[in-house]
Amino acid sequence: MARRIGIFGGTFDPVHIGHLRGALEIAEEFQFDELRLIPSARPPHRDTPQVSAADRLAMVELAVQGEASLRVDDRELRRDKPSYSIDTLESLRAELDADDQLFLLLGWDAFCGLPTWHRWAELLEHCHLLVLQRPDADSEAPEALRDLLAARSNNDPQAIDGPAGQIVFAWQTPLAVSATQIRQLLASGRSARFLVPDAVLAYIHTHGLYRAPN
Ligand code: ATP
């Protein structure tokens, strides 16, 4: 039987309850067989180089332990430079059955920037797009996406069929937490408890991550 697989990319520096709760809710709503968190190689312009890809990956792995619907996929970290989404999708597709459904999760803002992505017109050959909308979002799509939206939108998750090619929306109120906030708390010696899973916090402390330089 065809599987339903979601993919959710991020720097996860560190992974936090906003990512995890959002992922779990989507996995349930869309009845995914699995939702894969895919840590991205950090683009060179991002800071805090003391946190390695290996540490970010280890934290995501600890975070999803015991939650069967959430998995971790490290393929972008196995490459030596940041991956284009199209590369990740092609690499995933090469491993999946042809009729498996693949859903790429992305926020509304990222979706609006789609026409700037590398080989963006090919993305829908490999996956469905699952666009996460905030209730307060400005929902005017750019001109370049209007025809695509008119042709490909489907607002009933149950009615999505086929392995790829449709655009579906999910409404989510994100928890007010960000990785930036967590890094700042830790750098100033404050607690990040309850913003990240305890196992992630223990890893951060054991490995001395996100501390202000002495
Ligand atoms: P930073 O503060 O370092 O920019 P971040 O907390 O936004 O990081 P990322 O790893 O950049 O985390 O985000 C990965 C994905 O998770 C993005 O699509 C982002 O929109 C989403 N995301 C981030 N924070 C939340 C949240 N609180 N609730 C739901 N989704 C979130």
Tabulated pairs, the stretch 126-152, first closer than 28 Å to LEU24 by Cα, second away from the ligand (no atom under 16 Å from the Cβ) and not aliphatic (A, V, I, L, M), C-beta under 6 angstrom, 6+ apart or interchain: HIS126/ARG93; HIS128/GLN166; ARG152/GLN166
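Just a yes or no: is a residue in the stretch 191-213 farther than 26 Å from GLY66 by Cβ and among the polar types (S, T, N, Q)? Break it down stepwise before answering.
First, the residues of the stretch 191-213 that are farther than 26 Å from GLY66 by Cβ: 211-213.
With the extra rule that they be among the polar types (S, T, N, Q), the set shrinks to none.
No, the stretch 191-213 contains no residue that is farther than 26 Å from GLY66 by Cβ and among the polar types (S, T, N, Q).
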Residue in the stretch 163-179 that is away from the ligand (no atom under 16 Å from the Cβ) and surrounded by fewer than 17 Cβ atoms within 10 Å (Cβ to Cβ) present: no
Long-range neighbours under 6 Å by Cβ, at least six apart or interchain, first residue more than 15 Å from TRP171 (Cβ to Cβ) within the stretch 101-117, second assigned to a helix (DSSP H, G or I): LEU114/TRP120; PRO115/ALA144
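Are there strands (runs of 3 or more DSSP E) fully within the stretch 12-121 with at least 1 residues that are within 12 Å of the chain's Cα centre (by Cα) and within 11 Å of the ligand (Cβ to nearest atom)? List them. Steps first, answer last, please.
On the way: elements: 34-39, 70-72, 101-107.
It comes to 34-39, 101-107.
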Inter-residue pairs, beta-carbon under 9 Å, first at positive phi and in the stretch 163-185, second among the basic types (Lys, Arg) and surrounded by 14 or more Cβ atoms within 10 Å (Cβ to Cβ), 6+ apart: GLY165/ARG152
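Computed from the coordinates by the stated procedures, all read-outs in this text should not be read as laboratory data. Computed from a predicted model, the values in this text were never measured in an experiment. Positions of Cβ are backbone-derived with ideal geometry, glycine not excepted, and every protein chain shown enters the neighbour counts.
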